[in-house]
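Computed from the coordinates by the stated procedures, all read-outs in this text should not be read as laboratory data. Note that the coordinates shown come from a computational prediction; the quantities given were computed from them, not determined experimentally. Cβ placement follows ideal geometry from the backbone for every residue including glycine, while neighbour counts extend to all protein chains displayed.
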Amino acid sequence: MVIIMLGAQGTGKGTVAGLISEETKLPQVSTGDIFRANISEQTELGKEANKYISQGNLVPDEITVPMVANRLQEDDVKKGVILDGFPRTIEQAQKLDEILGKEGKKVDLVINLTTPREELIDRMITRRVCTNKDCKTTYNTKLHPPKVEGICDKCGSPLKQREDDSNPEAINKRLEIYENQTQPLVDYYNEKGVLRTEIVSTSINRMGKDVADDIIKVFFGTEQKNT
Ligand code: AMP
């Protein structure tokens, strides 16, 4: 099963994808995480990608598309995958259709998360991520703080703020790019009949965990354990 997480930055795509992945064992493939791992390891790809990411711009397709195509060749994703952060443009969506089509696969489900803009900005500013690259758990200093400030509950590693979350210009640029370039994917996938839109907002007391629970129930037929 190929699942895509769609939604602006800060809607909780990574959180929802992580919860579904934990329950279903489908691997979560986040292009942002792959880029960040390359940046911290200072690979050539990381150095190049960081020029765009730190400014809030999209990394060009010449870098992003082959990176995703290679990742989709790996054994662990043969049975399915949850793509988190890809595609982000119609061109990328068409490339993904081609890549999947070669293997007789297609996008089965697109989970489109929507959240009011003011909440998104607040969530990006208060987001903290685990620095352990095998953990990468996401926290929020207001909504979901760690038990000990600055320390990951799961693995004890230090938490940090993403560079692009601490730069107000990059935050605005990312939201603008989302509206102009990624939002059209909502229609693209709606026409294919695979779109499921979910509101995530404190105003209706519906958070990522509630969405993940429902998706798991509806598409995988199991109730998620309350942890
Ligand atoms: P994310 O963790 O999904 O918010 O991604 C962080 C940053 O990585 C984005 O702001 C982009 O600069 C870059 N990025 C992630 N996915 C893509 C993509 N599919 N296409 C281009 N750039 C991407």
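Of note:
- Close amide H pairs (under 5 Å, H built 1.01 Å from N) link Ile4 with Leu83, Leu109, Val110, Ile111, residues at least 5 positions away or on another chain.
- Modelled this way, with points 7 Å down the Cα-to-C-beta line, the labels at Glu163 and Ser54 are 0.4 nm from one another.
- Order by protection proxy (mean Cβ within 10 Å, highest first), peptides 193-199, 73-79, 118-124: 118-124, 193-199, 73-79
- Electrostatic dipole magnitude of the chain [Cβ: Lys, Arg +1; Asp, Glu -1; Cα centre; debye, to 20]: 440
- Amide H contacts for Arg162 (H built 1.01 Å from N in the peptide plane; partners 5 or more residues away or on another chain; cut-off under 5 Å): Val129.
- Val16, Val81, Val186 arranged by Cβ crowding within 10 Å, fewest neighbours leading: Val186, Val81, Val16
- Estimated FRET transfer efficiency when R0 is 22 angstrom, pair Thr202-Leu100 (beta carbons, to 0.05): 0.05
- Relative packing of 22-31, 40-49, which averages over residues the other C-beta atoms within 10 Å, highest first: 22-31, 40-49
- Charged side chains reduced to their Cβ positions (Lys and Arg at +1, Asp and Glu at -1) give region 68-120 a dipole of some 160 debye around its Cα centre.
- Largest mean-square fluctuation among Thr202, Thr182, Thr138, in a Gaussian network model of the chain whose springs join Cα atoms under 10 Å apart, belongs to Thr202.
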